[in-house]
Structure formats: structure tokens, C-alpha cells
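Peer 1: Have a look at this one.
The values are calculated or read from the model by the stated rules, or taken from the named source; none is laboratory data. In this text, all values refer to a predicted model and were calculated from it rather than measured experimentally. Reconstructed Cβ throughout: ideal geometry from the backbone, glycine too, with neighbour counts over all protein chains shown.
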Amino acid sequence: MSDRPLALVVGANRGIGLGVVKAFLARGWDIVATARKPEAAADLRTLAASQPGRVEIQMLDMSDPAGVDAYAASLSGRTFGAVLVNAGVAGPAHRSANAATPEEIGALMFVNAIAPIRLGRLLLKNIESGTGVLGYTSSVMGSVALNAGGHELYRASKAALNSLSRGLFAEMRGRNLTLLTLHPGWVRTDMGGSGAPVRVDESARGLVEAILKSAGSRRHAFLDYQGKEIAW
Ligand SMILES: NC(=O)c1ccc[n+]([C@@H]2O[C@H](COP(=O)([O-])OP(=O)(O)OC[C@H]3O[C@@H](n4cnc5c(N)ncnc54)[C@H](OP(=O)(O)O)[C@@H]3O)[C@@H](O)[C@H]2O)c1
């Protein structure tokens, strides 16, 4: 076992999650990285091969409730300095409550809001007391205060994540943990699109910096990748 601190990154095979794995490695952390399809996670596998013994790849599909519970149980006895639940989806292309079906909303809400809280709650005992940080990749789009309209279903899923994360923090009192609800910026990924202004490495470096700076604060904050507070 290495002396290096260990982080868990959920949804780490591409986009911001993969960037966060690289940023943690650069800061001297080892990583447990999850992917829905580890065998197809080519970039993550290449990264792991280039850093022998430092990146462990595991399978987790956040749309599968039993899989989420079983995954948390499989980590029994392991302790993380930081856990970032990053996996997320944009939701149906029509983006409208007036076009949405219960199935579409169920899938969006489960992956973006319910599964992250379910997993985080099950993993509280696996996070280092005192300096440990549980983070969620949310979005400024989840801010009710800053809601300027549009993307209403995705916004609602991230607002739900924010609300659920506050409720989880209320449950966490006495555990000496920090909870961060994070906005990565508008980032050039498959989800963010090629016109997004922020590069993955900039966003990821900032998210990891925010996590490391907040360690030990034992607060619940909504921060962007530059460490700035966002209105709830
Ligand atoms: N890009 C932006 O501008 C932006 C802005 C604000 C917030 N965010 C949030 O940042 C996070 C990462 O976004 P991104 O831009 O990196 O998106 P992305 O490139 O589309 O990557 C999404 C990641 O989530 C994973 N994922 C999706 N559904 C999953 C499921 N059911 N189980 C497990 N993993 C699943 C994907 O795995 P697969 O490869 O298997 O699909 C992938 O690793 C998301 O939570 C997103 O909402 C992004």
C-alpha cells in the first residue's frame, strides 16, 4: 500500500472526470476511478498504464440502484481523502418539461441527483474524518438564485442534487467532513460542446485545488472551479 492520499472519482473515463484524475495524480494522489465500461475506457486505461500502481479502475453504473449499493459495499474497509461524484447526463434533447416523459425524468433525476446522494451517504464511513472531502460535480445551472431560464430539466436535476447535498450535510454533523457542491465552469467536453470557454485541464485543476483548499473546513459550500462561492 502506498503512503499517498487516495481519491475516488466516479465517472472518470472522459471529460471532466478524466481531467480530475490527471489533476489528482499531478498533486501526488492515488486514484480509484470508476467507469460504466472499464474495458472501453481507453484513455483512462492508457493513463493507468502510464502510472503503474496509482490508478485502479472499477466498474460503476450510476443508473443501477443495486449496482450503486453493491459498489459502496465493495469498498468496505477502504478510506479516501476525497470522493468526487462527477458522473452526470444532460437529459433528453428536447429539454422541456412540456415534452418530458416520466421515464426520461426518472433516468435524469436518478443519475444526476439520487444516485450521487445514495452513494455519498453509503460512503461517509469511507471518508477520512477531519480532512476528508465529499464533492459533487453539480453546475451553476442548479442555482435557483441564478436561474435565467432554459435547460429546465437539467437545471432541476442539479438543483435537486444541491438540495439533497445540503440535506446530506445536515446528517453529517459530528462526522467532521467537508461537503462541496462544485461548478466546473462551462467546459469543452462532450457535454459542454466545442464552443465552451474552459479547457478540461483548467477546470479539473481548479476543482482539485478547491477540494484540497477546503479540506478540514467541515462546511458545505457551493464553489466554482476558481474557488468562488456561488449563490444557492
Ligand atoms: N461540461 C460542462 O460544461 C459542465 C458544466 C457544468 C456541470 N457539468 C457536470 O460535470 C460532470 C461531468 O461532465 P462532462 O462535461 O465531463 O460530461 P461528459 O464528457 O459527457 O462525461 C460524463 C461522464 O459521466 C459518466 N456517466 C454518465 N452516465 C453515467 C452512468 N449512468 N453511470 C456512470 N457514469 C456515467 C460518463 O460515462 P460514459 O462515458 O460511460 O457515458 C462520463 O464519464 C457532469 O456531472 C456534468 O453535469 C459539466
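Peer 1: Would you please name the residue that is surrounded by the fewest Cβ atoms within 10 Å (Cβ to Cβ), looking only at residues in the stretch 164-176 that are away from the ligand (no atom under 16 Å from the Cβ) and either at pLDDT 95 or above or small (Gly, Ala, Ser) (or both)?
Peer 2: 174
Peer 1: Restricting to the stretch 27-51, name every residue that is over 22 Å from residue 79 (Cβ atoms) and either more than 7 Å from the ligand (Cβ to nearest atom) or in contact (Cβ under 8 Å) with a residue 60 or more places away in the chain (or both).
Peer 2: 38, 39, 40, 41, 42, 43, 44, 45, 46, 47, 49, 50
Peer 1: Pairs only if they're at least six apart or on different chains, beta carbon under 7 angstrom, first in the stretch 174-192 and small (Gly, Ala, Ser), second more than 6 Å from the ligand (Cβ to nearest atom) and in a strand (DSSP E or B); list them, first residue then second.
Peer 2: Listed by first residue and then by second, the contacts come to 185/198; 185/224.
Peer 1: So, one more: Mind checking which residues of the stretch 187-209 are within 8 Å of the ligand (Cβ to nearest atom) and aliphatic (A, V, I, L, M)?
Peer 2: 187, 191, 196, 198, 200
Peer 1: Let me ask something else about it. Pick from the stretch 118-152 the residues that are touching a Ser or Thr at 6+ places or on another chain (Cβ under 7 Å) and within 14 Å of the ligand (Cβ to nearest atom): which of them is nearest to residue 213 (Cα to Cα)?
Peer 2: Within the stretch 118-152, the match that is nearest to residue 213 (Cα to Cα) is 136.
Peer 1: Look through the stretch 184-207, keep the residues that are β-branched (Val, Ile, Thr) and touching a helix residue (DSSP H, G or I) at 6+ places or on another chain (Cβ under 8 Å), and return whichever of them is surrounded by the fewest Cβ atoms within 10 Å (Cβ to Cβ). Steps first, please.
Peer 2: Of the residues in the stretch 184-207, the ones β-branched (Val, Ile, Thr) are 187, 189, 198, 200.
Filter once more, keeping what is touching a helix residue (DSSP H, G or I) at 6+ places or on another chain (Cβ under 8 Å): 187, 189, 200.
On the way: 187: 23, 189: 20, 200: 23.
Checked the stretch 184-207; the qualifying residue surrounded by the fewest Cβ atoms within 10 Å (Cβ to Cβ) is 189.
Peer 1: Kindly indicate whether residue 156 is away from the ligand (no atom under 12 Å from the Cβ), modelled with pLDDT of 95 or more and buried (at least 18 other Cβ atoms within 10 Å of the Cβ). Spell out how you get there, then give the answer.
Peer 2: Values: away from the ligand (no atom under 12 Å from the Cβ): yes; modelled with pLDDT of 95 or more: yes; buried (at least 18 other Cβ atoms within 10 Å of the Cβ): yes.
Judged against the criteria, residue 156 is a match.
Peer 1: I'd like to check something: does the stretch 208-217 contain any residue that is in contact with a Phe, Trp or Tyr (Cβ under 8 Å, 6 or more places away or on another chain), closer than 14 Å to residue 20 by Cβ and crowded, with 19+ Cβ neighbours inside 10 Å?
Peer 2: Scanning the stretch 208-217, I find at least one residue that is in contact with a Phe, Trp or Tyr (Cβ under 8 Å, 6 or more places away or on another chain), closer than 14 Å to residue 20 by Cβ and crowded, with 19+ Cβ neighbours inside 10 Å, so the answer is yes.
Peer 1: Can you name every residue in the stretch 141-168 that is at positive phi, among the small types (Gly, Ala, Ser) and in contact (Cβ under 8 Å) with a residue 24 or more places away in the chain? Steps first, answer last, please.
Peer 2: Step one: list which residues in the stretch 141-168 are at positive phi, which gives 149-151.
Pick out the ones that are also among the small types (Gly, Ala, Ser) and you get 149-150.
Across the stretch 141-168, the qualifying residue is only 150.
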